[in-house]
Amino acid sequence: MTNILEIRNLHATVHGKEILKGVDLVLPAGEIHAIMGPNGSGKSTLSYVLAGRDGYEVTAGEILYKGQDLAVMEADERARAGIFLAFQYPVEIPGVANSVFLKAAVNAGRKARGEPELDAMDFLKKSKALLKTLDMDEKFLNRPVNVGFSGGEKKRNEIFHMAMIEPSLAILDETDSGLDIDALKVVSAGVNALRNENRSMLVITHYQRLLEHIVPDRIHVLAGGRIVSSGGKELALELEQNGYAGLTGDKSAA
Amino acid sequence: MMTTPATDNPTARAHAEAFAGLVSSLPGDATARQDALTRFKAAGLPTRRVEEWKFTGLDALSRKVFAPAAPAITGSPSRAQIEAIAGVPGAIHAVFINGSFDASLSDALPAGVALLSGASVTPTATGEGRGQSLIALNAAFMRDGVVIDVADGARIEQPLALVFLAGGDGAAVHTRNVVRLGSGAALQVVEIHASLNAAGATFSNAVTEAVIGAGARLTHARIAAEGKSALHHSHAAVSIGEGGEYVSFALSVGGELTRQESDVRFAAPGGTARLYGAYLGRGRQHMDHTTRVRHDHPGCATEELFKGALDGEAHGVFQGLIHVAPHAIKTDARQRNVNLLLSDRAVADAKPELEILADDVKCSHGATVGDLDADEIFYLRARGLSPDAARRLLLTGYVEDLIGRLDDAAIAAAIKARTDAWLGEEQP
Ligand SMILES: Nc1ncnc2c1ncn2[C@@H]1O[C@H](COP(=O)(O)OP(=O)(O)O)[C@@H](O)[C@H]1O
Ligand SMILES: [Mg+2]
C-alpha cells in the first residue's frame, strides 16, 4: 500500500513561535485518520502547514505528499496537486459568487492534471446534484462566498467544495463545530460518499461525536505539538471518558 | 489668499477673452451668463488652500490653456460605436460632441426630454459656494445638455444614456443637464463622459441639477472614462422631496485628473439618498470624489459607500461631509470609504466628516486604506487559484459588491462593462 502522506519529525513555527515540535504521521492511500487534541494543541497549525500558508514555517523535518517533498510547493500548487483543506473558519468573500470561485478552483485543478475543463453546463449539473445530497439550496451557488451563511452553512459549503474538487488528500479542520446533529449526519454522509481507495482524509476534531459518523481507520492525539497517542477507533471512546488530561508523552506506534 | 485671481490663470483668461465673441451663440439669457462670468472672475479657480480642494490641485489648468471648444469637430464615431461607448442596454441615447447635441447619432428624444440649447434655461447660481467657481464657469459657458421633465406619476422604463464626447487638444467643454421629477415619477439617467481621441488633452466641466419630487425616484450614474490626458470635473446638485429617493453611482476609470462632486440636500422629510462610487486608478491618475449631504429635515436616510482601487502611482481622494441640522431628528446616515492600494506608490486620502447638530440620530462613518486581505487570498489559493487569479477575483468581487447594490440592471451593466475592462487591462 502506498502512502499519500508521510510526516517525519515535523517542527513548525507560526510567526516565529514553535507550535509543532516533532510530529510523525503516516497516512496510507484510501484511509481516514482522525486527529484529536485539546484546544491550542496545534491541530489547525498542522492543517495550515500542510496547506502551505504563509507565515507557517517548517523549521525541521519533512512532509512527503505522494512521495514528493511539499516544502518546494506553494499553497496553490499543493491544492492543484490534490490537497484540500476544509477550513475551521471559512472565509467570506464579498462580491464573488460561490459558483464563480468554485468553477475557477475546479478547473485550476483539472487543468493542472491535464483534464478538460468543466464547461458552465457540466459544472452546473454536477453542482446541483451534489448540493442536493448535502441538503443545500441551489441559491448557494449565486450567493457571495460564505457571506451571510450560518456557521453550519459555511461548513456544508466546504464539503460541497471538496466534493466538486475531488481531492486526493482532504484535511477537514473541525468541520463538525457549529453543526447540529441533523447537519452533522448530512455532512458526514457527504464525506463518506467521497471515501475511496485513492482518497485519504485527515479529519481534525475536538469531539469524538463526529467519529461515530465518519469512522476513521486510525486516531492520533495531538498535544503540545506532538502526536502523543495513536490507536484504533476505540481510542476516541477512551478519550471521551478520560479526557485529554491523562495523556502522557509516550507514543504508541503511528 | 484663498484663490488665484482668474486673470492669473491662462485657462481662466482664455475663457474670459472668448466670452464676448461666444455669448451670442450660446442659449439662454446673456446677462445671466455675464453675471456668472463675473462671479467666476471674482472667485478665481480654487487652489489647494481652499479646504475643499486640499487634496486636489488644478495646476493642469495653468500648465496648459483650455479654451471653450468649437461646437463641432470632425471624426465623429458611428452609431454602433456610440452604443458601445454608452454600454447601457436598451437605452435612449442623447449624444453631445464637444458639448453640442448631435441629432444624427442620437435617438429620438421622448416627450419631456428637451435640449438645453432649445429650452432657454437661465443659468442660476445653483450649487455654487466656496471652492465651487467651476460651476459659475459652467453657468457662463454651458452650451448644451438635456432638460428633462418627468410628469407626476410617470415612470420611464427605458434608461436615458447621455453620451458626452470631447476631443481636440486644449478644448474646454461645459455641459449642463437639468432633471425634474414630478411626484411619484421615476427615471434612470446615465452620463458617460468619454474622449473622441484618447490622446487629446480636454477639460470637461459638467453640471447636472436634479429636483426629485415627493415619492419620486431618480437613479443617476456618472461614468468618467476619458482618455489619459483629460481633465474632468463634474458636479451634481440634487434636491430630494418628501419620501423621494436619489440613487447615485459615480465611477472614475479614465482621465489624468477627475473630480466628481455630489451636493445633495433633503428639501422635505422622509427622503433617501444612496450614494455609491468607485475610482479605479493606475499610472499617474488622480481621482477625487467629494460629496456633501445636508440633512435639513427629519427622518431622512443616507447610505454612502465609495471604494477605490489604486495601482501604480495613482492618487485617490474621498471627501464626504454629512451635515445634520438641529431639527433633523431620526436621521439615519451611514458613510463608508474603502481604499485598496495595489502598489506601494499609490496614495489614498480620505476625509469622512459628520457634522451632527441633532439628537436622536443614527450616524456612522469610516474610512480604511489597505491591501487585499491575506486571509482571503490564502483561502482562494488553498483551492488552487494562482496568486494572480486570486488577486483578480478578489478585485472583481470588491467592485462587484458595490455594483450589486444598484437595482437598475441596465445601469449596473454599463458600470460593470467599464470596471471589467479596467480589471482586464494589463498593468502599465
Ligand atoms: N497566527 C498566530 N500567531 C501566533 N500564535 C498562533 C497563531 N495561530 C495560532 N497560534 C498559537 O498556536 C497554538 C496552536 O493553535 P492552533 O493550531 O490553532 O490549535 P488548535 O487548532 O489545536 O486549537 C496556540 O497556542 C495558538 O495560540
Ligand atoms: Mg483549530
Q.
Can you tell me what share of the DSSP beta bridges in chain B is antiparallel? A percent to the nearest 5 is fine.
A. 5 percent
**Q.** Cβ-defined net charge surrounding B:Ala412, 13 Å radius [Lys, Arg +1; Asp, Glu -1]
**A.** -2
Q.
In square angstrom and rounded to 100, what buried accessible area do you get between chains B and A, total over both, with the probe at 1.4 Å?
A. 1900 Å²
**Q.** Convex hull per residue volume in Å³, alpha carbons only, for the range B:6-268
**A.** 116 Å³
(Q) Positive end of the dipole of the range B:373-428, charges at C-beta (+1 Lys, Arg; -1 Asp, Glu), about the Cα centre: which of B:Gly384, B:Ala410, B:Trp422 has its Cα farthest in that direction? (A) B:Gly384
Q.
Can you tell me the length gained on complete extension of the stretch B:Glu51 to B:Asp371, counting 0.36 nm per residue apart and subtracting the Cα distance?
A. 112.4 nm
**Q.** Surrounding net charge for B:Arg48, when Lys and Arg each add one and Asp and Glu each subtract one, Cβ distance under 11 Å
**A.** -1
Q: Write out the GluC sites (Glu not before Pro) in the range A:130-203 meeting two conditions: DSSP loop, and at most 15 other Cβ atoms within 10 Å of their Cβ.
A: A:Glu138, A:Glu197
Q. So, with +1 on the Cβ of K and R and -1 on the Cβ of D and E, and no other charges, what is the size of the charge dipole of chain A about its Cα centre, to the nearest 20 debye?
A. 320 debye
(Q) Testing the spin-label approximation: label points 7 Å from Cα along Cα→Cβ at B:Ala154 and B:Ser183. State their distance in nm. (A) 1.8 nm
Q. Of B:Ser78, B:Met142, B:Phe40, which is farthest on the positive side of the dipole of chain B, counting Cα position, with +1 on Lys and Arg Cβ, -1 on Asp and Glu Cβ, and the Cα centre as origin?
A. B:Phe40
Q | Area of B:Cys363 that stays accessible when all protein chains are in place (1.4 Å probe, Å², to 10) | A | 40 Å²
Q: State, to one decimal in nm, how far the label point of B:Ala119 lies from the label point of A:Ala193, with both points 7 Å from Cα in the Cβ direction.
A: 6.0 nm
**Q.** MRE, 222 nm, helices only [DSSP H, n ≥ 4, -39500 (n - 2.57), over the protein assembly as shown, to nearest 500]
**A.** -8000 deg cm²/dmol
(Q) Starting from a Cα-only point model with no solvent, please compute log10 I(q)/I(0) by Debye for the protein assembly as shown at q = 0.06, 0.09, 0.10 1/Å. (A) -0.45, -0.83, -0.93
(Q) Given the options B:Ala201, A:Ala236, B:Ala185, identify the residue whose Cα lies farthest towards the positive end of the charge dipole of the protein assembly as shown (+1 on Cβ of Lys, Arg; -1 on Cβ of Asp, Glu). (A) B:Ala201
Q: Kindly point out which whole DSSP H helices in chain A project their C-alpha atoms 30 angstrom or further along the helix axis while averaging a Kyte-Doolittle hydropathy of 1.0 or above.
A: none
Q: Would you compute, for the Cα atoms of chain A, the largest minus smallest coordinate along each principal axis and list the three values in descending order, in whole Å?
A: 54, 40, 37
**Q.** Probe 1.4 Å, accessible area per residue of the protein assembly as shown, Å²
**A.** 38 Å²
Q: With a Förster radius of 35 Å, plug the Cβ-Cβ distance of B:Leu357 and B:Thr38 into 1/(1 + (r/R0)^6) and report the FRET value to the nearest 0.05.
A: 0.55
Q | Potential lengthening between A:Val91 and A:His206 on full extension [0.36 nm per residue; Cα-Cα distance subtracted] | A | 39.3 nm
**Q.** Surface share of carbon and sulfur [accessible, 1.4 angstrom probe, percent] for the range B:23-84
**A.** 54 percent
Q.
How charged is the neighbourhood of B:Ser364? Take every other residue with its Cβ under 13 Å from the Cβ of B:Ser364, and add Lys/Arg as +1 and Asp/Glu as -1.
A. -1
(Q) Suppose every Lys and Arg Cβ carries +1 and every Asp and Glu Cβ carries -1, with no other charges. What dipole size does the protein assembly as shown come out with about its Cα centre, to the nearest 20 debye? (A) 560 debye
(Q) Looking only at chain A, where both bridge partners belong to it, what percent of the DSSP beta bridges are antiparallel (to the nearest 5)? (A) 60 percent
Q. Treating the beta-carbon of each Lys and Arg as +1 and of each Asp and Glu as -1, no other charges, what is the dipole magnitude of the range B:150-243 about its Cα centre, to the nearest 20 debye?
A. 40 debye
Q. Expressed as cubic angstrom per residue, what is the convex hull volume of the alpha carbon set of the range B:98-157?
A. 131 Å³
Q: Report, for the protein assembly as shown, the % of DSSP beta bridges that are antiparallel, rounded to 5.
A: 20 percent
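The values are calculated or read from the model by the stated rules, or taken from the named source; none is laboratory data. None of these values were measured; they are calculated from a predicted model. For neighbour counting, all protein chains shown are included, and Cβ atoms are generated from backbone atoms with ideal geometry for every residue, glycine included. Heavy atoms of the whole protein, side chains included, go into the accessibility calculation; ligands, DNA and RNA do not. Shrake-Rupley method; radii C 1.70, N 1.55, O 1.52, S 1.80 Å.
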